[in-house]
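As C-alpha cells, the structure follows; a few thoughts come after it.
The values are calculated or read from the model by the stated rules, or taken from the named source; none is laboratory data. Just so it is clear, the structure is predicted and the values come from calculations on it, not from any experiment. In this analysis, Cβ positions are derived from the backbone assuming ideal geometry, glycine residues included, and neighbour counts consider all displayed protein chains.
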Amino acid sequence: MASDSSFDVVSKVDRQEVDNALNQASKEIQQRYDFKGVGASIEWSGDSIVMKANSEERVLAILDVFQSKVIKRGISLKAIDQGEPAQSGKEFRLSASIKEGIATDVAKKAHQGSSVTRAPSR
C-alpha cells in the first residue's frame, strides 16, 4: 500500500509579485541620488532580470534594492538565482532568474527521506 502512495512538492513563485518588486526597485533606483549618472537600470529580459550599471558596486547595490523589495513582498530569496556581475563594454551586468519547481536531485532526496505512516484503523 505504501508503494502506491505519492506526494507532490510544488514550488511556485508569484510572477506578479516579482514584477511588482522589480517595478518598485526600478522607481527607487531612478529617484536615489547615489544612482544618478551611473546608468543604473533593472528590467525584465525574457524570463530573467537584468541589472546594469557602470560599476560592479552599483550593480550589487541594485541587487540589494531588488532583494529588499522582494522580501517585503513575501518572496523568499531562495527563489532568486543570481549570477555574478560581468563587465560588458563600459557597463557591468548582473542577471538573475526566478527558480520555479524543485531540482530533480533535491526531489529524489526528499522522496527517499519521506516515510508515509498511517494511523492504525480501528
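Couple of notes before you dig in:
- Residue in segment 12-30 that is of a type in the set (Lys, Arg) and either touching a residue at least 24 places away in the same chain (Cβ under 8 Å) or within 30 Å of residue 112 (Cβ to Cβ) (or both) present: yes
- Where residue 25 falls short, out of the listed (1) within 15 Å of residue 84 (Cα to Cα); (2) assigned to a helix (DSSP H, G or I); (3) in contact with a helix residue (DSSP H, G or I) (Cβ under 7 Å, 6 or more places away or on another chain); (4) not hydroxyl-bearing (Ser, Thr, Tyr): (1)
- Identity of the residue in segment 61-79, within 10 Å of the chain's Cα centre (by Cα) and touching a residue at least 24 places away in the same chain (Cβ under 8 Å), that ends up surrounded by the fewest Cβ atoms within 10 Å (Cβ to Cβ): 79
- Screening segment 84-113 for residues that are surrounded by fewer than 12 Cβ atoms within 10 Å (Cβ to Cβ), among the small types (Gly, Ala, Ser) and in a loop (DSSP other than H, G, I, E, B) and picking the one that is modelled with the lowest pLDDT gives 103.
- Restricting attention to segment 9-29 and to residues that are of a type outside the set (A, V, I, L, M, F, W, C) and within 11 Å of residue 62 (Cα to Cα), the residue that is farthest from the chain's Cα centre (by Cα) turns out to be 28.
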